[in-house]
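Participant: Pasting a structure below so you can have a look.
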Amino acid sequence: AFIIIQGIGIFTLTRLAQVNLYQPILDSKSFSLFAFGWVMSLMTLAEALGSYIPHFIQRFARDLHIVSFTTFIMGLCFCLIPFCEKIETIALLLIFSFASF
């Protein structure tokens, strides 16, 4: 049941950040409209890279630990974004997307 709740949390955080909130986040950081597409493409690449490596991570940790760690990383990134500048915001969005595999 705990993994199911974490899975729902990961899915919700991912969809909220990548679909609904990334534009307001970038807008609040004064990014140009041109940058929105670039950031979304970088986030998509980070998520694809994250989706490519889970079998490597499973060699070192059990599924429960992986899910807990990625949920923590995603939540931490999401919480730190309001306190960061432009470059850090992009880095946190990319880490967030990478962890959402």
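The values are calculated or read from the model by the stated rules, or taken from the named source; none is laboratory data. As the structure is a prediction and not an experimental result, all values here were calculated from the model. Virtual Cβ from ideal backbone geometry, glycine too; neighbours counted across all protein chains shown. Only protein heavy atoms, including side chains, enter the accessible area calculation; ligands, DNA and RNA are left aside. Shrake-Rupley method; radii C 1.70, N 1.55, O 1.52, S 1.80 Å.
Participant: Would you mind stating whether Leu94 is modelled with pLDDT of 90 or more, under 20 Å from Leu13 (Cα atoms), open to solvent by 30 Å² or more (accessible area, probe 1.4 Å) and in a helix (DSSP H, G or I)? Break it down stepwise before answering.
Facilitator: Values: modelled with pLDDT of 90 or more: yes; under 20 Å from Leu13 (Cα atoms): yes; open to solvent by 30 Å² or more (accessible area, probe 1.4 Å): yes; in a helix (DSSP H, G or I): yes.
Yes.
Participant: I'd like the full set of residues that are in contact (Cβ under 8 Å) with a residue 40 or more places away in the chain and surrounded by 15 or more Cβ atoms within 10 Å (Cβ to Cβ), limited to the stretch 51-83.
Facilitator: Val67, Ser68, Thr70, Thr71, Met74, Gly75, Phe78, Ile81
Participant: Shifting gears a bit: Filter the stretch 29-50 down to the residues that are outside any helix (DSSP H, G or I), open to solvent by less than 60 Å² (accessible area, probe 1.4 Å) and either closer than 22 Å to Phe69 by Cβ or of a type outside the set (Lys, Arg) (or both) and list them by number. Before the answer, list the steps.
Facilitator: Taking the stretch 29-50 first, the residues outside any helix (DSSP H, G or I) are 29-32.
The next check asks that each one be open to solvent by less than 60 Å² (accessible area, probe 1.4 Å); those that pass are 29, 31.
Phe31, the sole residue that qualifies.
Participant: All but one of (1) over 11 Å from the mean Cα position of the chain (by Cα); (2) of a type in the set (D, E, K, R); (3) at pLDDT below 90 hold for Asp27; state the number of the condition that does not hold.
Facilitator: (3)
Participant: Further question: Sort out which residues of the stretch 1-20 are assigned to a helix (DSSP H, G or I) and either modelled with pLDDT of 90 or more or open to solvent by 60 Å² or more (accessible area, probe 1.4 Å) (or both), and write them in order of number.
Facilitator: First pass over the stretch 1-20, keeping only residues assigned to a helix (DSSP H, G or I): 2-20.
Passing the criteria: Phe2, Ile3, Ile4, Ile5, Ile8, Phe11, Thr12, Arg15, Leu16, Val19, Asn20.
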